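Following this message is one structure expressed as structure tokens.
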Amino acid sequence: MATILTIFLIVSVATPFLARFLKNHVFTVVALVPAGAFIWTLLQGEQIRTHGEITETIRWVPQLDLALAFRMDTLAWLLALVVTGVGTVVLLYCTQYFTKREPGLGRFAAFLFAFAGTMFGLVTADDILLMFMFWEITSVLSYLLIGHYTGKKESRGAALQALLVTTFGGLVMLIGVIMISVQVGSTSLSAIVAAGVTGPMAVTAILLIIVGAISKSAIVPFHFWLPAAMAAPTPVSAYLHAAAMVKAGIYLIARLAPGYADLPGWKLVLIGLGVWTMLVGAWRSLRQYDLKLVLAYGTVSQLGFLMVIVGFGTPDAALAGAALLLAHAIYKSTLFLVVGIIDHAAGTRDWRQLSGLGRKMPVLAVITALAIASMAGIPPLLGFVAKESIFGAFLQAAEAGDPYGWIALIGTAVGSILTVAYSARFFWGAFATRTAACVSTEWHKPPTAILIGPGVLAVVSVLLGIFSPALNAWLDPYPESFDGHLEGHLALWHGFEPALFISIAILGLGAALFWKKTQVARLQEALPPLVDSSRGYWSVTRAVDKISAKVTIFGQRGGLPQYLATILVVFVLVLGTLAAIGNVWPTTFRLYDYPQQVVIALVMALATLGAAWTRKRMAAVLLVGVTGFGMVALFAFHGAPDLALTQALVETITIVAFVLVLRRLPGNSQKLTKRVHRGRRAVIAIGTGVVMGAIALIALGSRITDPISAQLPEMAYYEGHGKNVVNVALVDIRAWDTMGEISVLVVVATGIASLLFVSGRADKKGRRGLRRPATALGRRSVLSDPDIQPATPGARQSWLVSGGKIASANRSILLEVLVRLMFHPAIVVSIFLLFVGHNSPGGGFAGGLLAGLALVFRYLAGGRYELREAVPIDAGKLLGAGLVLAVGSAIGSLFFGSEILSSAYLSADIPVLGYISIGTTTIFDIGVYLVVVGLVLDILRSLGGEVDRQQDEADIAEESTDEFSPRQQVPNTDLWATQRVPIVPDTPSATDTREDNR
Amino acid sequence: MSASLTLVLLMSLMYAVGIYVMMERSLTRFLIGFLLVGNATNILIFLMSGPNGNAPLWTGGPEDADMVDPLPQILILTAIVINFGITAFVLALIYRTWWLAQLGDEGDTLPDDHAHDTEEDAEEAFRQVDEDDEAIQRVLDASNEHEDDPEPDPVQTARDTEVGR
């Protein structure tokens, strides 16, 4: 069974691609899979009959007791046959139904095919959670299939209705599913049925599951989505909304009935709602002009009928229910396929415009007549056999004194009368010759092949009716799983029994009702509808929309400051109140840890206040930098060398990054930022500060036992082979954290790059352009800037590789010399830091940041071309390599049979670096190093190089603007920026620009 | 365990000022506030390591008893680097916003687009769904037989029953 599902999965993924080549014939090809599944299922019949079931289990999440458990017993076998059989027929029918040019054909084929597989999974799943997953997938696929005509409002509306109703039911059901599996202590469906638990919890759980089942099977009050779903293409209606998906609810009830039919509420709900649905559906079906809607309401009615019989809970009812389920699937899908043919041929489904179809398409009329006869319960068809058994089962219960027997019998008998009437109306509407109606407007003769599908189904309906006694042997194991003795059997002729007379009476009354159809219509008009669920649905969704609009406006007006204020006010009120009433204040304080702390804190406090006070952005950034370096001092005094090192490096790079961006924004923000809501902001800010202080005091005061980190040093040394506890923790003890962190860094770096570069992160073209000799560019040399010294022998020698690319006015010889001298030592030190990090301060983060800082200065001295020369690799590749190394070292340990991220070591004494223990953690740290370098490189390339380029473009645009051209917006640049931006000769940047803009 | 009051006060001040600055409408100011709050949070974690002591470098000797709690340091180290990444990302966002929105001389101060939104504006988002619902309802109603239905107008009815062909 799992194999079949896997094949379904693979083929459904491949279907859209197949559809490109095969067009509408893709349906014929993929239909082979359900056909194969049908044959396989059929062959299992003998084994299921003798052994009762076949099972298959694949372990999935053993810790949660979840398994991919499949089980095929008689009921599942019957459903699987219906699902695969009708599925094959419908897919074959689609080949004729759709033309080559149908838009979205591949998608449609894939969804319809996947649906067949999902239904097969649903009926064979033994794990109730697995079944629920298939259940939900059918809802989603149904949504996608109903909404196939995405351009049509009706189609979208119907799809959404179906989705909302069925997933609402599904969610309710999920609660019930979890409750019942907790009650039983197993998620196995067969175990749940066998356990048959009772008590209020079980009753609630089962009732919740029933909600799911009746929403799926379109039982009142959820029935309205099914007629609306007729907006789907007809094959979808035939398969999903007649044979398969709506049967899921029936299947679940039939599955649970052996264990739970006697639970209080079960019969009341299922028989009550079932009878009502049968009457409502049939009643409304009687007044439809649209043939498809006649069938749709008829299906609602028949689903109610099925719900009554499968929920009835006696062996005889179960047998009859299985028979009706089979009969209904066959005749209803036949009829839908017929409607599809009529629709295609005549261009309408409104019977008022159809006339004389019976004469034009006699074969189709015969097929329809057979299906209609089965639906109305006329011998010798399967529908008649099923109905006979149903009435027999109800009579048997009623005579035994069960009041539900009478309710079910009378209700379904009346419903059957209406069924006969609308069946006749359907046939008459579709095929009669009317003088009043206009002669069918345009008539396309449908291909004969399209008749094969419905024809086969109609013949099966006849054969199964005639040979119905043979069905008993195959179906009996299901009713025998109920308590009680199975008395009835399926047969065309039971003798002159009451059920026969009921059937005859129904046929007669139904015919009379059809005869008097004008009076019936008049009566229907006069009676107001008792329940109008679709209006109810409408007002519910409207109300939900209104409420969400109100909530949105209430909570999300005023942008970021408003959101922040909302969050913080809640934070201050809740935590502030708790802190005030908690009475857990610490009793002891220290004024300071060491005297220098006070000085550092004072400087930081002044810088903090200054950052808020100044209106100059650059000044504010530098003052924040002061607080950052204050942190460095605090860390250093406190005994945290790693933190001090990292913070110092980060602080420097942050300031550079700020400068890179701020140079482009207008420099003076004094007049621009209005100081709004100062009082309100101050209150919230002070409140937050006070509450945070209180939290810190309380948290510290409540620490009374030894922290778990007391063992960290020993663990680090003996298990992590490193003396630097912080570094060992990062790469070994808490390596999962670090793994998460570097993933965040990769995402951040990618985000930065994608915000700045529109077309790819790497601009290799620039590099190629740089290598090209300037003179070879021919006419472009005309454009060269006279300010720029050509890099020819005799000119001033450049200290940097791309020194000749920068206007001499922008060059700083001091910076160039410094960078030339310091770059390589800095890289060497960064690698040193990386490797000694395990035992002394350092490690991947600090090393990576130092290397990044070296790159920053290389960029500052030589511009973006220098940066390209310094690191010829794409930043994305660095990030990727880093992540691969880290993940690789993490997974690597799996191959040595240990847990993920556990480490292995190889120690040696290495000159200069000292005693080093190289292990998988070192590889992990190298990964961290690469990711950090990649991040800094991405920042420089994006916020540095790319911003430069955009600045150049803006400058060129400004120069080319004269007083007559429309005023282009060219942002101001502050002094710093104009000095910094390298002006580039012979336009490699212009080349870039043109290529980028393509 | 007791706290250093100096650090607690400094932390509270940095939180208060940081939040105050964060609630301004300028994105750069927001980022400056964010950095202050970030530093304040690092101090908060830092406070949890108690008084100062020896660096967390294992020596095997008696000094190890005076080692500071390494766990807050581990957390802060992660926080510093993540903070840096997010700062750079917000910077890129600031630049991109300014560039795309063509704010020009307005710098990075975002206009307050949503301050005057009303419920009707928000409900507008659901209009499409509503229309879809209405459309399917109309089709269903059109198929109901009425006693006084006029002779069907072929064109009209054909359009009404155009569902799901």
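Derivation of every value follows stated rules applied to the coordinates shown; laboratory data play no part. Because the structure is a prediction, the values reported are computed rather than measured. Reconstructed Cβ throughout: ideal geometry from the backbone, glycine too, with neighbour counts over all protein chains shown.
Using only the C-alpha atoms of the stretch A:439-581, find the volume of their convex hull and express it per residue in Å³.
Each residue corresponds to 477 Å³ of Cα convex hull volume.
While we're here: Modelled label-to-label distance, A:THR588 and A:ARG680, 7 Å Cα→beta-carbon offset: nm?
Placing both labels 7 Å beyond Cα along the Cβ direction yields 4.6 nm.
Also, I was wondering about something else. For the stretch A:25-130, which trypsin sites (Lys or Arg not before Pro) pass both filters: DSSP loop (anything but H, G, I, E, B) and at most 10 other C-beta atoms within 10 Å?
A:LYS100, A:ARG101
Report the full-extension gain for the segment A:SER702 to A:SER743: residue separation times 0.36 nm, less the Cα-Cα distance, to one decimal in nm.
11.3 nm
Multiply the residue gap between A:ILE956 and A:HIS485 by 0.36 nm, knock off their C-alpha separation, and tell me the result in nm, one decimal place.
Length difference between fully extended and current span is 160.2 nm.
Normalised by the residues of the stretch A:269-366, what does the relative contact order come to in percent, with Cα pairs under 8 Å and at least six apart?
Rounded, it is 27 percent for the stretch A:269-366.
May I pose another question? Can you give the FRET efficiency for A:ARG59 and A:THR6, using 1/(1 + (r/R0)^6), R0 = 25 Å, r = Cβ-Cβ distance, to the nearest 0.05?
0.95
May I ask for the Kirkwood hydrodynamic radius of the stretch A:592-729, worked out over all distinct Cα pairs and given in angstroms to one decimal?
The Cα-based Kirkwood calculation yields 18.5 Å.
Could you work out the relative contact order of chain A, using alpha carbon pairs under 8 angstrom and six or more residues apart, expressed as a whole percent?
8
Calculate the mean, over all residues of peptide A:679-687, of how many other protein chain Cβ atoms lie within 10 angstrom of the residue's Cβ.
4
A follow-up question, please. In whole percent, what relative contact order does the stretch B:1-64 give with Cα contacts below 8 Å and a gap of six or more residues?
Rounded, it is 35 percent for the stretch B:1-64.
What FRET efficiency, computed as 1/(1 + (r/R0)^6) with R0 = 30 Å and r the Cβ-Cβ distance, is obtained for A:LEU268 and A:MET133, rounded to the nearest 0.05?
So, using R0 = 30 Å, E works out to roughly 0.50.
Across the Cα atoms of the stretch A:446-487, what radius of gyration and what greatest pairwise Cα-Cα distance (Dmax) are found, in Å?
16.3, 52
Where in the stretch A:408-507 are there chymotrypsin sites (Phe, Trp or Tyr not before Pro) that are in a DSSP coil and have at most 10 other Cβ atoms within 10 angstrom of their Cβ?
Here the chymotrypsin sites (Phe, Trp or Tyr not before Pro) that fit, given the DSSP loop and packing criteria, are A:PHE496.
Continuing with the same structure: Let me know the mean shielding of A:730-738 by other chains, meaning the per-residue number of their Cβ atoms within 10 Å of its Cβ.
Going residue by residue through A:730-738 and averaging, the value is 2.
Which stretch or stretches of the stretch B:9-29 have amide N atoms under 18 Å from the point lying 7 Å from A:LYS616's Cα along the Cα→Cβ direction?
Only B:28-29 fall inside the zone, counting backbone N under 18 Å.
Counting only other chains, what is the mean number of Cβ atoms within 10 angstrom of the Cβ of each residue in peptide A:608-615?
Neighbouring Cβ atoms belonging to other protein chains average 5 per residue here.
Okay, moving on. I'd like to know how the stretch A:598-666 sits against the 2.2 N^0.38 Å rule of thumb: what's its Cα Rg over that expected value?
The value comes to 1.18.
Using label points projected 7 Å from each Cα along Cα→Cβ, tell me how many nm separate A:ASN472 and B:GLU119, to one decimal.
With each label placed 7 Å out from Cα toward Cβ, I get 6.7 nm.
Sticking with this one: Given the C-alpha atoms of the stretch A:249-354, compute the convex hull and give its volume per residue in Å³.
For the stretch A:249-354, the hull spanned by Cα atoms encloses 81 Å³ per residue.
May I pose another question? If you project the alpha carbons of chain A onto their three principal axes, what span does each projection cover, largest first, in Å?
The principal-axis extents, from largest down, are 116, 77, 62 Å.
If you take the beta carbon distance between A:VAL884 and A:VAL603 as r and set R0 to 60 Å, what does 1/(1 + (r/R0)^6) give as a FRET efficiency, to the nearest 0.05?
With R0 = 60 Å, the Cβ-Cβ based efficiency is 0.85.
Sort the following peptides by mean Cβ neighbour count (other Cβ atoms within 10 Å, averaged over residues), highest first: A:178-185, A:638-645, A:82-89.
Output ranking for A:178-185, A:638-645, A:82-89: A:82-89, A:638-645, A:178-185.
Limiting things to C-alpha atoms, what are the Rg and the maximum Cα-Cα separation (Dmax) for the stretch B:1-84, in angstroms?
In order Rg, Dmax, the Cα atoms of the stretch B:1-84 give 15.8, 55 Å.
Under unit Cβ charges (Lys, Arg +1; Asp, Glu -1), what dipole magnitude, rounded to 20 debye, does chain A have relative to its Cα centre?
3640
Could you pull the Cα extents of the stretch A:279-320 along its three principal axes, largest to smallest, in whole Å?
For the stretch A:279-320, the Cα extents along the three principal axes come out at 40, 15, 9 Å.
Still on this structure, please answer the following. Compute the semi-axes of the equivalent ellipsoid of the stretch A:1-156, taking the square root of 5 times each eigenvalue of the Cα gyration tensor, and list them largest first in whole Å.
With the √(5λ) rule applied to the stretch A:1-156, the semi-axes are 29, 18, 13 Å.
Describe numerically, in nm with one decimal, the distance between label points set 7 Å from Cα along Cα→Cβ at A:LYS546 and at A:ARG434.
Roughly 4.1 nm, to one decimal.
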